[in-house]
Amino acid sequence: MTTLYHDPRSGNCYKAVLTAAHLGIALKTVDIDVTEGLTRRPEFLAKNPNGRVPLLELDDGRLLPESNAIIWYLAEGSSLIPADKFARAQMLQWMFFEQYSHEPYIAVARFWLAYAPKDVLEAKRSLVPEWHARGNAALAVMETHLGRNAWFAGESYSLADIALYGYTHCAEEGGFDLSRYPDVSAWLKRVAAQPHHIPLSESW
């Protein structure tokens, strides 16, 4: 069975679990606690020299890191990847946006404010205003798009929505006020209403 090495608190790992659930793909999951430094141990670095989760291991031993590469692999040939050429490129646009303009601030704020030891957080406290400013800028971009569109790519739910949902739906744990973004909040409800959706808590 295909194996997913993941920290079940991670939004990036959750994206892979959510994609598999939507498509009915069975995954064996192996929990890796990143706060304990488990991804930096030699046995894990032998699988992923970048020392990060999620990491997908196929039945034949091939290894695939990076959350958005993993969800593309799992979803190829499914309705989660638009058939239309432009919509498919638009999906990639938002997946790149998620990794460059969204996740580095919303996910990082969530990790440090909700999961990091308080004494360690103090060393990063001065960075919190920047994380919030840039994270809110990303949420504002999403709000503008969702004011005119139900989904992020084409006319239906896609990997772009899964990629952005991973950390947006739990952004309040990082100090973001989602009530400021009514169209984002409505979209979160649409994603949660999709068939076979599972909440983050059930991926643990």
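The values are calculated or read from the model by the stated rules, or taken from the named source; none is laboratory data. Since the structure is predicted, the reported quantities are computational estimates derived from the model, not experimental observations. Cβ atoms come from the backbone with ideal geometry, glycine included; neighbour counts cover every protein chain shown. Calculation scope for accessible area: heavy atoms of the full protein, side chains included, ligands and nucleic acids excluded. Shrake-Rupley method; radii C 1.70, N 1.55, O 1.52, S 1.80 Å.
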Restricted to the range 181-194 and to residues being assigned to a loop (DSSP other than H, G, I, E, B) and farther than 19 Å from residue 101 by Cα, the residue most open to solvent (accessible area, probe 1.4 Å) is 193
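Let's see how each residue does on (1) crowded, with 22+ Cβ neighbours inside 10 Å; (2) assigned to a helix (DSSP H, G or I):
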residue	(1), (2)
130	no, yes
144	no, yes
154	no, no
162	yes, yes
173	no, yes
176	yes, no
179	no, yes
196	no, no
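Here's the yes/no breakdown for (1) of a type in the set (S, T, N, Q); (2) in contact with a Cys (Cβ under 6 Å, 6 or more places away or on another chain); (3) under 23 Å from residue 19 (Cβ atoms):
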residue	(1), (2), (3)
108	no, no, yes
124	no, no, no
127	no, no, no
156	yes, no, yes
160	no, no, yes
169	no, no, yes
184	no, no, yes
How many residues of the range 1-20 are open to solvent by 10 Å² or more (accessible area, probe 1.4 Å) and either out of contact with any Gly (no Cβ under 9 Å at 6 or more places or on another chain) or closer than 10 Å to residue 31 by Cα (or both)? The answer is 7
Among helices (runs of 4 or more DSSP H) entirely within the range 1-106, at least 2 residues that are among the β-branched types (Val, Ile, Thr) occur in 11-23, 67-75
Checked 66, 76, 57 against criteria (within 18 Å of residue 28 (Cα to Cα), open to solvent by 10 Å² or more (accessible area, probe 1.4 Å) and over 16 Å from the mean Cα position of the chain (by Cα)); the one match is 57
